[in-house]
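The values are calculated or read from the model by the stated rules, or taken from the named source; none is laboratory data. These figures come from a predicted structure and were not determined experimentally. Cβ: placed from backbone, ideal geometry, glycine included. Neighbour counts: every protein chain shown. Note: accessible area is taken over every heavy atom of the protein model, side chains too, but ligands, DNA and RNA are not part of it. Shrake-Rupley method; radii C 1.70, N 1.55, O 1.52, S 1.80 Å.
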Amino acid sequence: MNTRLGRFLFAVVILIAGAAAMADEPPQYEMTTYQLVLLKTVPGTERVGEREAVRLQEGHLAQLEALYGKGEALLSGPLSGAEGGIREAIVLNVGSVEKASQLMAENAWVEAGRLVPEVHTWWAARGILQPPEHLLHGERCILGLIRRPEGAPEYSGEKLQALQAGHMKNIQAMAASGDLVIAGPMGEDGELRGIFIFRTTDTARLAEMVARDPSVKAGRLGVELVPWRVPKGTV
């Protein structure tokens, strides 16, 4: 793990633990890796008929129910209006991208060639996400996809450190206000840098909050806020 990622993880542990309770001794959280699956529409595929869609969705939900039962799924649900054809996000509690990819290869929509999984290793605090009260009873939250914009400026030294410090301070403020449930970076150095999961569903309020981030102001990061319907009780 590189040094900057290590500092980010440590800071996320501190901010979530500090925001979780106002007691003298707030709970301490251990960082771990999960696998974030983004199910994306396959370009050029035609819309399936209603009967076929019902069959595929039933198979999809049956697989998720089995994964939740084994403790291999922690969070899942459809996204509304996400860029890049992303239809659903799933957080899997499995040890590798390869394992997550194997599981998703058995998904009904993937087997039918209608959706394709994009899998990212995600660092986050253990124990924040809770088992669902009921898989079919949903509630709305907001997923923040943190991306590195194309052509983002490069900084080094004190400037980069200042941006990172401001970035973490803004995350801490969002957690302390109760808007942010959990945050963490991706394990790979790609366009997708990390994710936020917000319990607050007021996207205008959240847009103002993430816009205060010095790294966003500097063009180093961009955040897409997407409505996400997840099983009730998980966040």
- Carbon and sulfur atoms account, in whole percent of the 1.4 Å probe accessible area of the range 131-235, for 49 percent
- Message: If I build a Gaussian network model for the chain, linking alpha-carbon pairs within less than 10 angstrom, which residue out of 212, 140, 87 has the largest mean-square fluctuation?
- Response: 212
- Counting helices only, and only those DSSP H runs with n ≥ 4, report the 222 nm mean residue ellipticity of the chain as the sum of -39,500 (n - 2.57) divided by its residues, in deg cm²/dmol to the nearest 500. -11000 deg cm²/dmol
- Check: C-alpha center the range 136-162 vs C-alpha center the range 69-101, spacing in Å is 19 Å
- Message: Between helix 50-69 and the chain, what is the angle of the helix's C-alpha long axis to the longest principal axis, kept within 0 to 90° and rounded to the nearest 10?
- Response: 50 degrees
- Query: Roughly what would the spin-label model give for residue 41 and residue 57, points 7 Å off Cα along C-beta, in nm?
  - Reply: 1.6 nm
- Working from Cα positions, state the angle (0 to 90°, nearest 10) between the long axis of helix 3-20 and the longest principal axis of the chain. 80 degrees
- Answer with a single label: of (1) 132; (2) 116; (3) 140, which was calculated as volume of the Cα convex hull per residue in Å³ from the structure in view? (1)
- Take the chain, connect every pair of alpha-carbon atoms lying under 10 Å apart with a spring to form a Gaussian network, then pick out the residue of 201, 45, 33 with the largest mean-square fluctuation. 45
- Once you've got the GNM for the chain with C-alpha springs shorter than 10 Å, pick whichever of 138, 166, 49 has the biggest mean-square fluctuation. 49
- Message: Give me the extension gain from residue 118 to residue 173: residue separation times 0.36 nm, minus the current Cα-Cα distance, reported in nm with one decimal.
- Response: 16.8 nm
- Over 30 Å between Cα atoms, which of 99/217; 40/99; 40/169 qualify? 99/217; 40/169
- Length-normalised contact order of the chain in % [C-alpha pairs under 8 Å, at least 6 apart]: 28 percent
- Provide the per residue accessible area, probe 1.4 Å, for the range 85-215, rounded to a whole number of square angstrom. 48 Å²
